[in-house]
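The values are calculated or read from the model by the stated rules, or taken from the named source; none is laboratory data. Quick caveat, the model's predicted, so the values are computed rather than measured. Using ideal geometry, Cβ is built from the backbone for each residue, glycine included, and neighbour counts are taken over all protein chains shown.
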Amino acid sequence: MKFDVVTIFPDLINQNLNFGIIGRAINEEKIQVSTHDPRKYSSKPTKRIDDKPYGGGPGMVMEAEPIIKAIEKAKQNSKKPYVVYVSPQGSLFDQKKAIKLSKEKHLIFISGRYEGIDQRVIDYCVDEEISVGDYVLSGGELPCLLLIDSISRQIKGVLGDYDSVEKDSFYDGLLKHPQFTRPESSKYGKVPKVLLSGDHETIRLWKKKQSLLNTITKRPELLKDVGLSDEEKNLLDEIKKDEEKT
């Protein structure tokens, strides 16, 4: 997988990709990340690429031509890149979107600043606008890093154990079950006995039930979009009965 990021702060991207799973994936050439500074394509002596918006209004807008030229540079020697503008007006990013985008061979992300980018960039180059949430940030670099991290995790070979991906929260639409490690008992609490039983089937069912319980308790709206199996429906009935008893 190849990622290209168009940003006026390339160091913000590059320096944050040197750590952990993503840093290792880059070193092992499982993924490739490049940055392109649109200021290099500015015709102004100052290399500024922002200007006042037509029609008035606060702030500055990033000019179209330098961004488009940076995108064209990123597209070189690529058969079919998919261009994403990280924007608060885009569709909301989620696990399904991460999985879908991980099927692409080449992703180009546009990171905006100021009041945004000239609409002509979106009309001329962008395949999709994506938002990471209904809030405002100073720029698109942090969302781009978020997208790279989440999408990269879906690529086989990036994680040492791909089974970890399939057991992540949201992979199947549900939140993950609680996790415990050593010691078995401390002043802060005890590990549930079922996890110490060695009975793999009982443990599997406990984890599935806890996953459903976590989802109901913390994010009940997620269940609307999940196609529950018969087993999960039965566990959900058990949870409801347990609640009625208490």
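Please enumerate the residues belonging to the range 67-82 that are more than 21 Å from residue 153 (Cβ to Cβ), in contact (Cβ under 8 Å) with a residue 12 or more places away in the chain, surrounded by fewer than 21 Cβ atoms within 10 Å (Cβ to Cβ) and out of contact with any His (no Cβ under 6 Å at 6 or more places or on another chain). Once the filter is applied, which keeps residues that are more than 21 Å from residue 153 (Cβ to Cβ), in contact (Cβ under 8 Å) with a residue 12 or more places away in the chain, surrounded by fewer than 21 Cβ atoms within 10 Å (Cβ to Cβ) and out of contact with any His (no Cβ under 6 Å at 6 or more places or on another chain), the range 67-82 yields 68, 69, 75, 79, 80.
With respect to the conditions (1) at pLDDT below 95; (2) in contact with a helix residue (DSSP H, G or I) (Cβ under 8 Å, 6 or more places away or on another chain), residue 235 lacks only one, and its number is (1).
So is residue 43 assigned to a loop (DSSP other than H, G, I, E, B) and hydroxyl-bearing (Ser, Thr, Tyr) or not?
Working: assigned to a loop (DSSP other than H, G, I, E, B): yes; hydroxyl-bearing (Ser, Thr, Tyr): yes.
Spelling it out, residue 43 is indeed assigned to a loop (DSSP other than H, G, I, E, B) and hydroxyl-bearing (Ser, Thr, Tyr).
State yes or no: is residue 21 surrounded by fewer than 20 Cβ atoms within 10 Å (Cβ to Cβ) and of a type in the set (Val, Ile, Thr)? Please lay out each step first, then the result.
Details: surrounded by fewer than 20 Cβ atoms within 10 Å (Cβ to Cβ): yes; of a type in the set (Val, Ile, Thr): yes.
Criteria met by residue 21.
Taking the range 99-116 as the range and being in contact with a helix residue (DSSP H, G or I) (Cβ under 6 Å, 6 or more places away or on another chain) and crowded, with 21+ Cβ neighbours inside 10 Å as the test, the residues that pass are 108, 109, 111.
Here's a check for you: in the range 194-246, which residue that is part of a loop (DSSP other than H, G, I, E, B) and under 26 Å from the mean Cα position of the chain (by Cα) is nearest to residue 96 (Cα to Cα)? Walk me through it before giving the result.
Filtering the range 194-246 for residues part of a loop (DSSP other than H, G, I, E, B) gives 197-199, 219, 226-229, 246.
In the following step, the residues that additionally are under 26 Å from the mean Cα position of the chain (by Cα) were identified as 219, 226-228.
Details: 219: 17, 226: 12, 227: 14, 228: 16 Å.
Among those that are part of a loop (DSSP other than H, G, I, E, B) and under 26 Å from the mean Cα position of the chain (by Cα), it is 226.
For the range 117-134, taking the residues that are in contact with a strand residue (DSSP E or B) (Cβ under 8 Å, 6 or more places away or on another chain) and either of a type outside the set (A, V, I, L, M, F, W, C) or outside the structural domain of residue 83 (by TED's automatic domain parsing) (or both), the one that is surrounded by the fewest Cβ atoms within 10 Å (Cβ to Cβ) is identified as 134. Taking residue 64 as the residue in question, decide whether it is surrounded by fewer than 21 Cβ atoms within 10 Å (Cβ to Cβ) and of a type in the set (A, V, I, L, M, F, W, C). Spelling it out, residue 64 is indeed surrounded by fewer than 21 Cβ atoms within 10 Å (Cβ to Cβ) and of a type in the set (A, V, I, L, M, F, W, C). Which residues, taken from the range 80-126, are of a type in the set (A, V, I, L, M, F, W, C) and over 16 Å from the mean Cα position of the chain (by Cα)? Within the range 80-126, 117, 121, 122, 125, 126 meet the criteria. Cβ-Cβ distances below 6 Å connect the following pairs, each with a first residue in the range 26-47 that is surrounded by fewer than 17 Cβ atoms within 10 Å (Cβ to Cβ), a second residue that is at pLDDT 95 or above and of a type in the set (Lys, Arg), and a separation of six or more residues or different chains: 32/2; 47/39. Name, by its number, the condition in (1) outside any strand (DSSP E or B); (2) at negative phi; (3) over 14 Å from the mean Cα position of the chain (by Cα) that does not hold for residue 77. Of the numbered conditions (1) outside any strand (DSSP E or B); (2) at negative phi; (3) over 14 Å from the mean Cα position of the chain (by Cα), the odd one out for residue 77 is (2).
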